[in-house]
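See structure below.
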Amino acid sequence: VVFLTAMHVGCLVAPFFFSWSAVGVALFLHWLTCSIGICLAYHRYLSHRAFKLSKPAEFFVLLCGAISGEGTPLTWTATHRLHHQRSDLKGDPHSPNSGTWWSHLLWLFVLRTPEQQEALFRRYVPDLVDRPIMRFYENTYGRLLLAMGLSLLTLGWFVGGTSGAISMLLWAMCVPMTFAYHSTWFVNSATHLWGYRNYETSDRSRNLWWVAVLAYGEGWHNNHHAHPS
């Protein structure tokens with residue numbers, strides 16, 4: 001709650017510390033973390049095993065996913081696979097059947113014990129849970145986000161001193177991360193509520209153009225539920 005609140009507050013404050021260099025970095029990081037990190041790495045590569053990657057490429061794209069702030073590779077993948085198995089049924093982690101705000105945001109705040117988290121991994125990501133690279137990201141996730149923030153502060157300081165450091169942190173971390181959150185959450189909420197259907201799937205998934213624009217194509221959600229990989 002504290003971290004998500006800080007990112008949203010930083011996003012709202014960012015316009016008061018505007019700089020073109022920080023905006024440029026923000027746009028690049030939004031693409032890198034959302035398109036490469038979430039859509040390509042976490043979603044298509046890990047969750048649905050749609051293709052294979054060499055080890056250096058795998059390490060890089062998973063790093064892009066980790067610095068998106070959307071959780072570790074194991075947690076994201078296990079949650080998404082659970083969603084597909086129980087989509088809009090009892091047990092779906094973020095169905096709008098449990099409420100629109102639940103599907104968009106509130107589902108994130110369910111607390112699990114370490115034992116429950118490990119059980120989730122063993123059940124839904126048995127192919128990934130014992131891989132060293134996955135455990136690496138599981139153990140270093142918080143430190144990677146801290147390192148990202150410090151790196152942006154340092155970059156901003158070299159570009160424009162103290163004001164540059166603040167601008168870079170707000171624009172290149174808080175802004176893209178907040179937009180990434182909501183574009184992903186809209187896939188969970190809006191595309192199970194509004195839009196059109198090409199396929200008669202067993203859930204309420206729909207295609208919604210504006211979510212597709214915001215989320216690098218992920219808003220074509222009914223198409224995805226019909227053909228996940």
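The values are calculated or read from the model by the stated rules, or taken from the named source; none is laboratory data. These figures come from a predicted structure and were not determined experimentally. Cβ placement follows ideal geometry from the backbone for every residue including glycine, while neighbour counts extend to all protein chains displayed. With ligands, DNA and RNA removed, areas are computed over all heavy atoms of the protein, side chains included. Shrake-Rupley method; radii C 1.70, N 1.55, O 1.52, S 1.80 Å.
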Name every residue in region 195-215 that is touching a Phe, Trp or Tyr at 6+ places or on another chain (Cβ under 8 Å), outside any loop (DSSP other than H, G, I, E, B) and not polar (S, T, N, Q), in order of residue number.
211, 212, 214
Identify, from the list 119, 147, 172, the residue that is within 21 Å of the chain's Cα centre (by Cα) and open to solvent by 20 Å² or more (accessible area, probe 1.4 Å).
147
Tell me the helices (runs of 4 or more DSSP H) entirely within region 13-90 that contain at least 1 residues that are closer than 14 Å to residue 216 by Cβ and of a type in the set (Gly, Ala, Ser).
55-66
Looking at this structure, is residue 16 modelled with pLDDT of 95 or more and closer than 19 Å to residue 144 by Cβ?
no
Looking for something buried (at least 17 other Cβ atoms within 10 Å of the Cβ), over 22 Å from residue 126 (Cβ atoms) and not acidic (Asp, Glu) - is there at least one such residue anywhere in region 48-61?
no
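Give 141, 181 a once-over and let me know the one that is surrounded by 20 or more Cβ atoms within 10 Å (Cβ to Cβ) and either hydrophobic (A, V, I, L, M, F, W, C) or part of a helix (DSSP H, G or I) (or both).
Selected residue: 181, the only one of 141, 181 that is surrounded by 20 or more Cβ atoms within 10 Å (Cβ to Cβ) and either hydrophobic (A, V, I, L, M, F, W, C) or part of a helix (DSSP H, G or I) (or both).
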Considering only region 123-134, state which residues are in a helix (DSSP H, G or I), closer than 20 Å to residue 56 by Cα and open to solvent by less than 70 Å² (accessible area, probe 1.4 Å).
133, 134
How do the pairs read when you match residues in region 147-163 that are within 23 Å of residue 63 (Cβ to Cβ) and in a helix (DSSP H, G or I) with residues anywhere that are open to solvent by 80 Å² or more (accessible area, probe 1.4 Å) and not acidic (Asp, Glu), using Cβ under 9 Å and keeping only pairs 6 or more apart or on different chains?
156/162
Can you tell me which condition residue 111 does not meet? The list is (1) under 19 Å from the mean Cα position of the chain (by Cα); (2) exposed (fewer than 14 other Cβ atoms within 10 Å of the Cβ); (3) of a type in the set (A, V, I, L, M, F, W, C); (4) not in a loop (DSSP other than H, G, I, E, B), and all the others hold.
(4)
